[in-house]
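Note sheet for the following structure.
The values are calculated or read from the model by the stated rules, or taken from the named source; none is laboratory data. In this text the structure is predicted, and so the values were computed from the model without any measurement. A quick note on method: Cβ atoms are made from the backbone with ideal geometry, for glycine too, and the neighbour counts reach across all protein chains shown. The area values use the complete protein model at the heavy-atom level, side chains included, leaving out ligands, DNA and RNA. Shrake-Rupley method; radii C 1.70, N 1.55, O 1.52, S 1.80 Å.
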Amino acid sequence: MLILAIETSCDETACAVIQNGTTILSSIVASSHEMHEKYGGIVPEVAARKQLEYILPTLSETLEQAKLSLTDIDAIAVTVGPGLIGSLLVGVETAKSIAVITGKPIIPINHVLAHMYANYLSHKKISFPAISLVVSGGHTELYLVKNEKELLWLGGTIDDAAGEAFDKSGRLMGFGNGGGLAIQQAAERAKPNIIKTMTRLPRPMLDRDNYLNFSFSGLKTAIWREWNKLNDASEDIRNAFAYEVQETIVDILVKKTMRALEQHQASSILLSGGVAANTRLRQKLQAALMMHNEDIKLYVPPVPLCTDNAAYIGSYAYFRGTNTPWENVTAVPDLEVEVNN
Ligand code: KG4
Ligand code: ZN
């Protein structure tokens, strides 16, 4: 089965052709990142205008790369939410136009749930049940994955997402819109003797009622307060502070994921979302697993499949999607991610 997938939920414009949910025939991502650098963050209006400009060239290049035409495609998968309304509409209306013209079915996709399917594109066999941590710029969610089709939401952030904590800290520390990657790179340059002098940031774990939920807003305040104490920080201090910020966010993510694993006696962990690109998170999660039980597998997609793209949209569509008449497909900016089926 050949699925043409379209993803425009935030500032990326992405298309892909996926075969049988696991093979990428082509995948292209166009980003308006540089434009946002100029404005100091994502401006929804600017993102949507750029996406309108990029969508058709991206679509045509994706088909060309796969050496296919629209008539060869079996269905069109498109992200309908969650995301920015103007951005979502670009993808949704494009998908609907293709459906009307070709008569092919549409498969509406939940962007957050789809993230974890990046693992189905990069690993041949997943061992179930799995705990899935989807950690991106807008979400930090834990799921129990019973098989390719069945998901149970276990918990999520009650305030900011982990990626947001990275992004806001990065801006505060003068890394512009470099986000988590800029913090990771600075942390890699940090000197051990300076790291030792840093104040330890709080690692909020919440109480038992919020056992598998996350909270990053208190940490954000602590980061702001500690950073302001280090006025006129040298590069060494900035790198060491970046190290502490990264360690704190990663520790919270690892701790909760391990809790979920123990509670549900899962046999693997699926990591996904933009923050899954973080090398320290991958390392620390792997180390925690080794300590816990060497037989439990950690699945992590390659970096280009962690950040937003359309390939995992196509994979999700194959395993969990439902063909829907184009008249019933609409963009839903606040689409629910707390699923139980
Ligand atoms: O999944 P994604 O591309 O978009 C959303 O759906 O939000 O995730 C973007 C997030 C941003 O917060 C970005 O700072 C973070 O992923 N990110 C990273 C790294 N690369 C991207 N965070 C930590 N370390 C990285 N290497
Ligand atoms: Zn995403």
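A few points about this structure:
- Screening Leu212 on (1) part of a helix (DSSP H, G or I); (2) surrounded by 16 or more Cβ atoms within 10 Å (Cβ to Cβ); (3) modelled with pLDDT under 95 shows it passes everything except condition (1).
- Test: residue in the stretch 257-268 that is within 14 Å of ligand 1 (Cβ to nearest atom) and surrounded by 15 or more Cβ atoms within 10 Å (Cβ to Cβ): no
- Single unsatisfied condition, Pro44 versus (1) under 18 Å from the mean Cα position of the chain (by Cα); (2) within 16 Å of ligand 2 (Cβ to nearest atom): (1)
- When residues of the stretch 12-39 are limited to those that are open to solvent by 10 Å² or more (accessible area, probe 1.4 Å) and not in a strand (DSSP E or B), the one modelled with the lowest pLDDT: Met35
- Counted residues, the stretch 227-277 - those being part of a helix (DSSP H, G or I), touching a residue at least 40 places away in the same chain (Cβ under 8 Å), of a type in the set (A, V, I, L, M, F, W, C) and in contact with a Leu (Cβ under 9 Å, 6 or more places away or on another chain): 12
- Test result for His115, within 24 Å of Leu285 (Cβ to Cβ), touching a residue at least 40 places away in the same chain (Cβ under 8 Å) and over 17 Å from the mean Cα position of the chain (by Cα): no
- For Ala288, the requirement of being in contact with an Asp or Glu (Cβ under 6 Å, 6 or more places away or on another chain) and either within 18 Å of Leu133 (Cα to Cα) or buried (at least 21 other Cβ atoms within 10 Å of the Cβ) (or both) is not met.
- Among the residues making up the stretch 293-324, none is polar (S, T, N, Q), within 12 Å of ligand 1 (Cβ to nearest atom) and assigned to a helix (DSSP H, G or I).
- Subset tally (residues that are among the aliphatic types (A, V, I, L, M) and either without any contact (Cβ under 8 Å) to a residue 40 or more places away in the chain or surrounded by fewer than 18 Cβ atoms within 10 Å (Cβ to Cβ) (or both)) for the stretch 158-180: 2
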